[in-house]
Amino acid sequence: MDKHLIDLASELGELLMEKSWTLTTAESCTSGWVGSALAAASDSSRFYSSGFITYTNQAKQRVLGVKADTLARYTAVSEETVREMACGAKKLAGDSIGLATSGYAGPDGGEDGTPAGTVWFAWCLPDDSVHTRREWFSGESEEVVYKATCFSLSELKRLLSQ
């Protein structure tokens, strides 16, 4: 595991523990990298309870409760889908916060023309407010996944520090 990822996860973990909050993850394109980074941080069991890897549309529906209509209308790589993923994971796990990622790491983008490197993020916070962001990352697939993982952790830390 990359030291930078563990450091990001540890810093976020400290903030979560200070507030007595717990986190669950719902990952598609990052395929467990966010959860792995969180699990590698010290005292992770005090702030990270579970992670869901929902790579297919069917898994997003079956596990997280993403609506079929949302996927059909907006695609899996959309603000609407990550919103439902983050909130569905939070509800399912019973945690304070749900974090979700969905994107096209590459080499191909979406059938709708969305370019490879596009990733949507959502964070469903303790007050049930949902923050979303779309980012585009350059590089090969693994580099996109790494950058998306770093962003998801650092942006959550920023949101919680406001």
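The values are calculated or read from the model by the stated rules, or taken from the named source; none is laboratory data. No experiment lies behind these values; they were computed from the predicted model shown. Using ideal geometry, Cβ is built from the backbone for each residue, glycine included, and neighbour counts are taken over all protein chains shown. Areas reflect the complete protein model, heavy atoms only, side chains present, ligands, DNA and RNA absent. Shrake-Rupley method; radii C 1.70, N 1.55, O 1.52, S 1.80 Å.
Test of understanding: among F47, F52, which residue is more than 20 Å from R158 (Cβ to Cβ) and either of a type in the set (A, V, I, L, M) or buried (at least 16 other Cβ atoms within 10 Å of the Cβ) (or both)?
Exactly one of F47, F52 is more than 20 Å from R158 (Cβ to Cβ) and either of a type in the set (A, V, I, L, M) or buried (at least 16 other Cβ atoms within 10 Å of the Cβ) (or both), namely F52.
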Among the candidates A68, A39, A93, A72, which residue alone is open to solvent by 50 Å² or more (accessible area, probe 1.4 Å) and farther than 29 Å from G139 by Cα?
A68
Which residue, of E155, E140, E135, is open to solvent by less than 30 Å² (accessible area, probe 1.4 Å) and out of contact with any Cys (no Cβ under 9 Å at 6 or more places or on another chain)?
E155
G98 being touching a residue at least 40 places away in the same chain (Cβ under 8 Å), part of a helix (DSSP H, G or I) and either under 16 Å from the mean Cα position of the chain (by Cα) or within 21 Å of I6 (Cβ to Cβ) (or both):
no
Suppose we filter segment 57-83 for residues that are free of Cβ contacts under 8 Å to residues at least 40 places away in the same chain and in a loop (DSSP other than H, G, I, E, B); how many remain?
4
Which numbered condition in (1) within 16 Å of L8 (Cβ to Cβ); (2) open to solvent by less than 30 Å² (accessible area, probe 1.4 Å); (3) outside any strand (DSSP E or B) is the only one that F121 fails?
(3)
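Just checking, how many residues over segment 29-56 are of a type in the set (S, T, N, Q), without any contact (Cβ under 8 Å) to a residue 24 or more places away in the chain and under 28 Å from A72 (Cβ atoms)?
1
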